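Trainee: Okay, here's the structure, questions in a sec.
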Amino acid sequence: MRWSKTLQIIGVHCEGEIGKVITGGVLDIPGKTMLDKMNYINEVDDSLRKLVVLEPHGCLQMSVNLLLPPTRPEADAGFIVLQADKAHPMSGSNSICVVTALLEMGLVAMQEPQTTVVLDTPAGLVTATATCKDGRCLGVSLDMMPAFVEALDVQVETVEHGMLNVDIAFGGVYYALIDVAQVGMAIEPGSARRLADLGAALREVINRQVNVRHPLYPQIDQIAYVMFRHRLDDTVYQTCTTLPPGRVDRSPCGTGSSANLATLAARGLVAAGSQLTSRSIIGSEFKVQMRGTSEVGARPAVLPQIQGRAWIYSIEQHGVDPHDPLVGGFMLSDTWGEGFPTA
């Protein structure tokens, strides 16, 4: 056996959402900033993403995080989120997976009872505070980048559900947030397939009707995900982020919860110091706190803090056989859903 490439990958999940971490086998990606590196993957060479995410090496229900040297001196490590459609700039659950892997694998020195880890992401710096005991990372609190509203109650015309009221907000990536009652469904395990397919379809519809562009990072110019939400009481929200080409986030979704917090603040429903709970489709939870307010390009913004847990479950070594004709990866619509690309 002779491999042309060897990767070390740590299996991690955050509140049920798999966020594997590549810790070895990739020296770096071209680009001066982490955003440049993400764009290189998306626009020049995405062979690594396809190798680790698509079949036969990968599968639909996961992300893979690429650890890289930081491009900013104040950061401990950089990372880029690799998913089924492309590389993405930020993810709360994946940040928690990365911090847990960095500390428990000894890549960043663990200090008890708390360790601060600064992550360099394409969407900006993220500061994480990990609670540590007996060599374990018991939980991670993320000071997320400022989240802001692009527009509230945007009317989007759909074929199946008529006119929908949609909130557009940025929480690390752009979200379209939809109250799930509008589509006549509930956020529950039995609805996961239908929510996934609908979210993938609505993402395409909404991106055709709504234009977005981050005021500081103009290359972030598309709605990445549709999040369905349902308010259970004043402080608890069910959340269901749908990811292309067609699956649902198993975690409560950190960037989506940040975007949701921004919409609540814009409506005067939360203020600095408010604490919420985001509950996923499988019942796992993130604690969400509004640390304060800020501005992004003269837009009012909130400063979210997301708290969750992750667990390491495997250490894997992936190899590329130079004679393997399927290293470029593939998708089949039986698994990957209605958003399966046709070209």
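The values are calculated or read from the model by the stated rules, or taken from the named source; none is laboratory data. Keep in mind it's a predicted model, so treat the numbers as computed, not measured. Note that we place each Cβ from the backbone using ideal geometry, even for glycine, and neighbour counts take in every protein chain shown. What goes into the accessible areas is simple: the full protein's heavy atoms, side chains included, and nothing from ligands, DNA or RNA. Shrake-Rupley method; radii C 1.70, N 1.55, O 1.52, S 1.80 Å.
Trainee: Which count do you get for residues in the stretch 226-238 that are under 11 Å from L195 (Cβ atoms) and of a type in the set (S, T, Y)?
Mentor: 0
Trainee: Pairs needed: first member in the stretch 232-257, in contact (Cβ under 8 Å) with a residue 40 or more places away in the chain and among the charged types (D, E, K, R); second member anywhere, surrounded by 24 or more Cβ atoms within 10 Å (Cβ to Cβ) and assigned to a helix (DSSP H, G or I); C-beta distance under 7 Å; at least 6 residues apart or different chains.
Mentor: Close Cβ pairs (under 7 Å, with a partner that is surrounded by 24 or more Cβ atoms within 10 Å (Cβ to Cβ) and assigned to a helix (DSSP H, G or I)) amount to R247/A196.
Trainee: Please specify each residue of the stretch 11-50 satisfying the condition of being free of Cβ contacts under 8 Å to residues at least 40 places away in the same chain and among the hydrophobic types (A, V, I, L, M, F, W, C).
Mentor: L27, V44, L48
Trainee: Would you please name the residue that is nearest to V98 (Cα to Cα), looking only at residues in the stretch 122-144 that are free of Cβ contacts under 8 Å to residues at least 60 places away in the same chain and outside any strand (DSSP E or B)?
Mentor: That would be G135.
Trainee: Next question, about the same structure. Yes or no: the stretch 90-107 includes at least one residue that is over 21 Å from T131 (Cα atoms) and modelled with pLDDT under 95.
Mentor: Initial filter on the stretch 90-107 (over 21 Å from T131 (Cα atoms)): 90.
Those still in the list that are modelled with pLDDT under 95 too: 90.
Within the stretch 90-107, one or more residues are over 21 Å from T131 (Cα atoms) and modelled with pLDDT under 95.
Trainee: Give the stretch 255-280 a look and list any residue that's open to solvent by less than 20 Å² (accessible area, probe 1.4 Å) and not β-branched (V, I, T), or say none.
Mentor: G256, S257, S258, A259, N260, L261, A262, L264, L276, S278, S280
Trainee: I'd like to know if the stretch 192-210 contains one or more residues that are within 21 Å of A298 (Cβ to Cβ) and modelled with pLDDT of 95 or more.
Mentor: Scanning the stretch 192-210, I find at least one residue that is within 21 Å of A298 (Cβ to Cβ) and modelled with pLDDT of 95 or more, so the answer is yes.
Trainee: Kindly indicate whether G31 is on the phi > 0 side of the Ramachandran plot and part of a loop (DSSP other than H, G, I, E, B).
Mentor: So G31 fits the description; yes.
Trainee: Could you tell me whether G329 is within 23 Å of the chain's Cα centre (by Cα), surrounded by 14 or more Cβ atoms within 10 Å (Cβ to Cβ) and at positive phi? I'd like the intermediate steps shown before the answer.
Mentor: Numbers: within 23 Å of the chain's Cα centre (by Cα): yes; surrounded by 14 or more Cβ atoms within 10 Å (Cβ to Cβ): yes; at positive phi: yes.
Criteria met by G329.
Trainee: Right, here's the next one. Among all residue pairs at least 6 apart or on different chains, which show Cβ distances below 9 Å where the first residue, located in the stretch 77-100, is closer than 24 Å to G139 by Cβ and the second is among the basic types (K, R) and assigned to a loop (DSSP other than H, G, I, E, B)?
Mentor: Listed by first residue and then by second, the contacts come to G78/R72; S93/R250; I96/R309; T100/R309.
Trainee: Of all residues in the stretch 215-242, how many are open to solvent by less than 10 Å² (accessible area, probe 1.4 Å) and more than 22 Å from E157 (Cβ to Cβ)?
Mentor: 3
Trainee: Taking F170 as meeting all but one of (1) out of contact with any strand residue (DSSP E or B) (no Cβ under 8 Å at 6 or more places or on another chain); (2) on the phi < 0 side of the Ramachandran plot, write down the number of the exception.
Mentor: F170 satisfies all of (1) out of contact with any strand residue (DSSP E or B) (no Cβ under 8 Å at 6 or more places or on another chain); (2) on the phi < 0 side of the Ramachandran plot except (1).
Trainee: Of the residues D143, D85, D153, which single one is touching an Asp or Glu at 6+ places or on another chain (Cβ under 8 Å) and acidic (D, E)?
Mentor: Among D143, D85, D153, only D153 is touching an Asp or Glu at 6+ places or on another chain (Cβ under 8 Å) and acidic (D, E).
Trainee: What pairs come up if the first residue lies in the stretch 182-208 and is free of Cβ contacts under 8 Å to residues at least 60 places away in the same chain, the second is open to solvent by 70 Å² or more (accessible area, probe 1.4 Å), and their beta carbons are under 6 Å apart, counting only those six or more places apart or on different chains?
Mentor: From the stretch 182-208, the pairs are N207/Q222.
Trainee: Right, another one. Can you work out which of the residues in the stretch 281-307 that are open to solvent by 80 Å² or more (accessible area, probe 1.4 Å) and of a type in the set (S, T, N, Q) is nearest to A151 (Cα to Cα)?
Mentor: T293
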